[in-house]
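A short write-up of the structure that comes next.
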Amino acid sequence: MFDEPGFPSDPDHDAAAPRLYTFVYCSRAADGVDDAEVDRLIQSAQRHNRTCGITGVLVFGSGVFFQWIEGPSADVLRLMASLHDDPRHYDIVSLDQREETRERLYPNWQMERVGADDIREVLQDALESAQDENNIAALRRILDHLASRSLGSLGRAN
Ligand SMILES: Cc1cc2nc3c(=O)[nH]c(=O)nc-3n(C[C@H](O)[C@H](O)[C@H](O)COP(=O)(O)O)c2cc1C
């Protein structure tokens with residue numbers, strides 16, 4: 001419509017931005033899921049994500065996962081189903097789930113592992129913008145769980 005005569009194009013409207021589905025969640029790692037297992041998981045996730053245009057970040061620390069996933073809706077929805085069936089984690093809490101037209105937040109990361117030291121900050125930010133009461137309660141539980149652990153245990157399962 002903006003290209004029709006008489007309708008000047010909007011310089012802030014980027015027609016090239018893709019339609020993306022975003023899924024953001026946190027979860028607890030199952031017993032036995034350690035750094036080495038997460039590294040293996042990331043490697044196979046990157047191979048798969050490259051084939052279907054999924055990008056994002058995965059944070060792992062103190063037995064807690066936080067993941068940001070963005071990509072074509074059919075592929076993200078398929079991955080979400082796999083994640084819910086994956087025995088390597090449980091207590092999956094969806095923090096955000098939406099489809100929108102926007103640029104990717106992590107265009108070059110097929111699934112990048114982010115330092116565990118940042119997980120509290122990432123969850124605290126999520127808590128500050130959370131609207132849903134259940135999510136707020138779940139995020140507080142996870143932050144309490146992290147607060148009760150010593151720094152030396154970061155990165156170990158549970
Ligand atoms: C915390 C966590 C994050 C994961 N992230 C991804 C991912 O980004 N991409 C991916 O393909 N698989 C990821 N997986 C693995 C999937 O759950 C699943 O094992 C994989 O997609 C194969 O699924 P399928 O057996 O249904 O084909 C992740 C698993 C866990 C536990």
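No lab work stands behind these numbers, since they all come straight from the coordinates. Predicted, not measured: the structure shown is a model, and the values here were computed from it. As a convention, Cβ positions derive from the backbone with ideal geometry for all residues, glycine included, and neighbour counts pool all protein chains shown.
Worth a mention:
- Relative contact order of the range 19-149, taken over Cα pairs closer than 8 Å and 6 or more residues apart, is 37 percent.
- Residues listed by number, the range 16-45, amide nitrogen under 12 Å from Asp91 label point at 7 Å toward C-beta: 26-31
- Its Cα centre serving as origin, the range 19-149 has a Cβ charge dipole (Lys and Arg +1, Asp and Glu -1) of approximately 320 debye.
- For the range 118-123, Karplus couplings with θ = phi - 60° (6.51, -1.76, 1.60), whole Hz, Gly/Pro x: 8, 5, 4, 5, 4, 6
- With a Förster radius of 35 Å applied to the C-beta separation of Arg140 and Ala74, the computed FRET efficiency comes to 0.55.
- Backbone phi angles across the range 89-104, fed through the Karplus curve with coefficients 6.51, -1.76 and 1.60 (θ = phi - 60°), yield HN-Hα couplings of 8, 8, 6, 6, 10, 6, 9, 7, 7, 7, 10, 7, 9, 6, 6, 5 Hz in residue order; Gly and Pro are listed as x.
- The phi torsions of the range 41-49, fed into the Karplus equation with coefficients 6.51, -1.76 and 1.60 and a -60° offset, translate into couplings of 4, 4, 4, 6, 4, 4, 4, 5, 5 Hz, rounded to whole numbers, with Gly and Pro shown as x.
- Taking 0.36 nm per residue of sequence separation and removing the Cα-Cα distance, the Ser82/Glu99 pair yields an extension gain of 4.2 nm.
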